[in-house]
Amino acid sequence: MVDAVVAGGGPAGSTCALLLARAGLAVTLVERATFPRRKVCGEYLNTGAVAVLDRIGVLGEVRKHAYALRGVRLVPPHAPAVELPFSDGALSCERETLDAILLRAAVFAGVTVVQGRVEDVLHDRGRVDGLWVRNENGSAYEVRARFTVGADGCGSIVALRSGLTQRSWRGPKFAVGGHYAGFGDLGGFIEMYVGSGAYFALNPLGRDLTNVMVVVPKSALTRWSRFVDAGIAGKAAELARGHRSFAQAQRIGTRAAIGPLAHSVRAPVADGLMLIGDAAGFLNPFTGQGVFLALSTAEAAAKAIMRSTSVRSKEARAFADYATARSADFAARKRLSSAVGWLIDVPPLARRAAARLARSPGLARTLVDALAGIRSPQSALTPDVLGKLVL
């Protein structure tokens, strides 16, 4: 039996395992993929994510492989483009590199990594006390632990098997794209083209390497059938309205399809269990908060577990505090994501909001900083801020 077992070796799982191991806990991390692994989602590191990487001591290594970002260039439907500069440093970094750096740091701190697929959670008298894992050769085994952490992403098996998953009522969306050359130098700006419930995003990873994603409803993906590349190019052209196209672009590596982009839980904790990152609830990726929430919830969960380890009687309070803080923050960020979604997807609102943001740097800074994790989401949800955007 170990002190903690973590399901998932992405940014959330590796960070939580790293912090627990540094605190002296015996930690096992279960990951089904062989690292380095190719993954093209979550390659934007907002200011909040950069700050966490700095706190855990890996930012210097990440910077060696990252590309500095200046801001977001938002192009809503039937409205002029507006540039929203970041107040502080943000980066883009290939997930293959970021994930490997974090996992190496965890191993260096003493984390034991095992390759296998999590199939179920273990219970002892109503308490989650580990994971049921199946390895490559098909054999299954138990990993018993005092604390279990679910960091296995959107559609988390740990959340499902613990009875914490709840139905998402919105129609599912899917992201399709990959890495491309040929879009040229975007000047350090992420470009976002939006409209009709879909968007086309370009995140520069270098001067001529771009993470490109088209996010569409499931119905569109079904219609594309075998002609996915043509569907991506056509939808991108529709959203970009002549500003960008795939005409000179060349995909580097395989195409990626990610989805459904939906996952909701009724609570981020159970007795003996914490959910972190996307496993604890998934936000619309348009606002770029995924890696930040993965890292920040990993930090918060590690602190709660360390409080519980030092004084066992404090476990219930530590878990409750984590659940309360995570649920409140997630609810506020979800409201902010929904508000932004309405502003950019309804043409009259988009035109008005774009004009207001272009004329008011302070208003733009409030919105961008709230999405970047350096202001509370509530700061952008006030009647004053929302009123200035649309009235």
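The values are calculated or read from the model by the stated rules, or taken from the named source; none is laboratory data. Only a predicted model underlies this, so the values are computations on that prediction, with no experimental measurement involved. Neighbour counts are summed over all protein chains in view; Cβ atoms, including those assigned to glycine, are modelled from backbone coordinates with ideal geometry. What goes into the accessible areas is simple: the full protein's heavy atoms, side chains included, and nothing from ligands, DNA or RNA. Shrake-Rupley method; radii C 1.70, N 1.55, O 1.52, S 1.80 Å.
A residue that is of a type outside the set (Phe, Trp, Tyr) and within 26 Å of Thr15 (Cβ to Cβ) cannot be found anywhere in segment 348-359.
Looking across Gly130, Gly153, Gly182, one residue alone is in contact with a Phe, Trp or Tyr (Cβ under 9 Å, 6 or more places away or on another chain) and within 23 Å of Thr15 (Cβ to Cβ). It is Gly153.
On the given criteria, is Ala304 crowded, with 22+ Cβ neighbours inside 10 Å, among the small types (Gly, Ala, Ser) and in contact with a Pro (Cβ under 9 Å, 6 or more places away or on another chain)? The answer is no for Ala304. Out of the residues in segment 333-347 that are under 21 Å from His78 (Cβ atoms) and aliphatic (A, V, I, L, M), which is most open to solvent (accessible area, probe 1.4 Å)? The residue in question is Val346. Any residue in segment 18-28 that is touching a strand residue (DSSP E or B) at 6+ places or on another chain (Cβ under 9 Å), part of a loop (DSSP other than H, G, I, E, B) and under 28 Å from Val176 (Cα atoms)? No, segment 18-28 has no match at all. Of all residues assigned to segment 26-38, none qualifies as being more than 21 Å from Arg144 (Cβ to Cβ), at pLDDT 95 or above and aliphatic (A, V, I, L, M). Within the span defined as segment 159-171, every residue fails to be surrounded by fewer than 18 Cβ atoms within 10 Å (Cβ to Cβ), small (Gly, Ala, Ser), at pLDDT 85 or above and within 20 Å of Leu84 (Cα to Cα).
Per-residue answers, yes or no, for (1) open to solvent by less than 70 Å² (accessible area, probe 1.4 Å); (2) modelled with pLDDT of 95 or more:
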site: Ala66; (1), (2): yes, yes
site: Pro77; (1), (2): yes, no
site: Phe86; (1), (2): yes, no
site: Gly126; (1), (2): yes, no
site: Glu136; (1), (2): no, no
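Does segment 353-365 hold any residues that are open to solvent by 20 Å² or more (accessible area, probe 1.4 Å) and part of a helix (DSSP H, G or I), and which are they? Selection gives Ala355, Arg356, Ala358, Arg359, Pro361, Gly362, Arg365. Against the test of being basic (Lys, Arg) and touching a residue at least 24 places away in the same chain (Cβ under 8 Å), the options Arg326, Arg317, Arg307, Arg312 yield a single qualifying residue, Arg326. For segment 240-263, the candidate set comprises residues that are open to solvent by 20 Å² or more (accessible area, probe 1.4 Å) and within 19 Å of the chain's Cα centre (by Cα); within that set, the residue that is modelled with the highest pLDDT is Ala262.
Filter segment 96-110 for residues that are in contact with a Pro (Cβ under 8 Å, 6 or more places away or on another chain) and either of a type outside the set (D, E, K, R) or open to solvent by 10 Å² or more (accessible area, probe 1.4 Å) (or both); which is nearest to Arg356 (Cα to Cα)? Full working, then the answer.
Filtering segment 96-110 down to residues in contact with a Pro (Cβ under 8 Å, 6 or more places away or on another chain) leaves 96-100, 102.
If we keep only those that are either of a type outside the set (D, E, K, R) or open to solvent by 10 Å² or more (accessible area, probe 1.4 Å) (or both) as well, we get 96-98, 100, 102.
Details: Glu96: 38, Thr97: 38, Leu98: 36, Ala100: 41, Leu102: 40 Å.
Per the stated criteria, the residue is Leu98.
Of the residues in segment 297-310, none is part of a loop (DSSP other than H, G, I, E, B) and under 18 Å from Arg127 (Cα atoms).
Six or more apart or on different chains, Cβ under 9 Å: which pairs go from a residue in segment 105-124 that's assigned to a strand (DSSP E or B) to one that's of a type in the set (S, T, N, Q) and open to solvent by 30 Å² or more (accessible area, probe 1.4 Å)? Could you list them? Cβ pairs passing all conditions: Val114/Asn135; Gln115/Thr34; Gln115/Asn135; Arg117/Asn135.
Only one of the numbered conditions (1) surrounded by 16 or more Cβ atoms within 10 Å (Cβ to Cβ); (2) modelled with pLDDT under 85 is not met by Ser310, and that is (1). Of all residues in segment 39-60, exactly one satisfies the criterion of being part of a helix (DSSP H, G or I), free of Cβ contacts under 8 Å to residues at least 60 places away in the same chain and touching a helix residue (DSSP H, G or I) at 6+ places or on another chain (Cβ under 6 Å), namely Leu59.
Scoring Arg375 on the criteria (1) surrounded by 15 or more Cβ atoms within 10 Å (Cβ to Cβ); (2) outside any loop (DSSP other than H, G, I, E, B) leaves a single failure, condition (2).
Out of contact with any helix residue (DSSP H, G or I) (no Cβ under 7 Å at 6 or more places or on another chain) and within 15 Å of Leu202 (Cβ to Cβ): is that true of Arg63 in this structure?
Numbers: out of contact with any helix residue (DSSP H, G or I) (no Cβ under 7 Å at 6 or more places or on another chain): yes; within 15 Å of Leu202 (Cβ to Cβ): no.
Taking the combined requirement at face value, the residue does not satisfy it.
When the residues of segment 14-55 are filtered to those that are of a type in the set (A, V, I, L, M) and surrounded by fewer than 19 Cβ atoms within 10 Å (Cβ to Cβ), the one that is nearest to Leu131 (Cα to Cα) is Ala26. For the criterion of being in contact with a Pro (Cβ under 8 Å, 6 or more places away or on another chain), in contact (Cβ under 8 Å) with a residue 12 or more places away in the chain and either open to solvent by 20 Å² or more (accessible area, probe 1.4 Å) or not hydroxyl-bearing (Ser, Thr, Tyr) (or both), Ala350 passes.
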